Amino acid sequence: MGTKENLEAAFSGESQANRKYLAFADRAESEGFEQIAYLFRGIAEAETIHAHNHLRAMGKVGDTEENLKSAIAGEDYEYKDMYPEFLVESEAEGETQASTGFRFALEAEQVHSTLYSEALRMAEAGEDMPVQDLYLCEVCGHTVLGSIPERCPICGSKQEKYFKVER
C-alpha cells in the first residue's frame with residue numbers, strides 16, 4: 001500500500017473509533033460511570049482531530065460548494081444503492097434489528113441529500129441558508145430544519161424524541 005491507501009485506511013479507522021467511543025461513552029454514562037464516559041468522549045474528540053488531519057492530507061476538503069457536492073454524492077449512494085442492497089440481504093436473513101436500522105438510515109439519508117441539495121442551491125447563489133434550528137430524531141436520525149413534526153415520518157416516534165442540534 002502507498003500513502004494514499006494508508007491515509008484512507010487511517011481516516012476510516014479514526015472515524016470509526018470516534019463513533020465507537022461515543023457509543024461507549026453513552027453506555028458508561030447510563031451505567032453511572034461519569035468519568036469513564038468523559039474519558040471516552042475526550043478520546044473520541046482526539047480521534048476526530050486525527051481523522052480531519054488525514055482527510056485534509058488526502059485533499060478531500062474543498063470549498064463549501066465542492067463539499068456539498070461530495071456530501072450529496074455520498075448521501076445519494078447510501079440511499080439509492082448501499083442501503084437498499086443491505087436491506088434486502090438483512091430481510092432475507094431474518095435480521096430484523098439490522099433491517100430496521102438500515103431502513104431508518106436509508107430514509108434519513110434521502111432527507112439529508114435533499115437538505116444538502118437546498119444548501120448547494122443557496123451557496124451557488126452566493127447565499128447562506130436562512131437561520132433555523134436543526135432537530136434530529138434520536139431513534140432514526142430523521143433531520144429537520146425549523147419545526148419538529150408531531151410524529152417522526154420515518155420511525156413514528158413522538159415529537160419528544162427530537163433533540164436540537166447545538167450550534
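The values are calculated or read from the model by the stated rules, or taken from the named source; none is laboratory data. Every value quoted in this text rests on a predicted model; they were computed, and no experiment measured them. Reconstructed Cβ throughout: ideal geometry from the backbone, glycine too, with neighbour counts over all protein chains shown.
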Checklist entry - Does Glu107 meet the test of being under 21 Å from Asn67 (Cα atoms) and of a type in the set (Asp, Glu)? => result no
Checklist entry - Would you call Phe102 aromatic (Phe, Trp, Tyr), within 25 Å of Asn18 (Cβ to Cβ), exposed (fewer than 14 other Cβ atoms within 10 Å of the Cβ) and at pLDDT 95 or above? => result no
Checklist entry - Which members of segment 116-152 meet the condition of being touching a residue at least 24 places away in the same chain (Cβ under 8 Å), at positive phi and more than 13 Å from the chain's Cα centre (by Cα)? => result none
Checklist outcome for this item: Being assigned by TED's automatic domain parsing to the domain that holds Val111 and under 21 Å from the mean Cα position of the chain (by Cα) narrows Ala51, Ala44, Ala71 down to just Ala71
Next on the checklist: Residues to consider are Glu109, Glu118, Glu150, Glu138; find the one that is surrounded by fewer than 18 Cβ atoms within 10 Å (Cβ to Cβ) and either assigned by TED's automatic domain parsing to the domain that holds Leu87 or at pLDDT below 95 (or both).
Outcome noted: Glu118
Next on the checklist: Tell me yes or no: at least one residue of segment 50-61 is of a type outside the set (A, V, I, L, M, F, W, C), part of a helix (DSSP H, G or I) and touching a residue at least 12 places away in the same chain (Cβ under 8 Å).
Outcome noted: yes
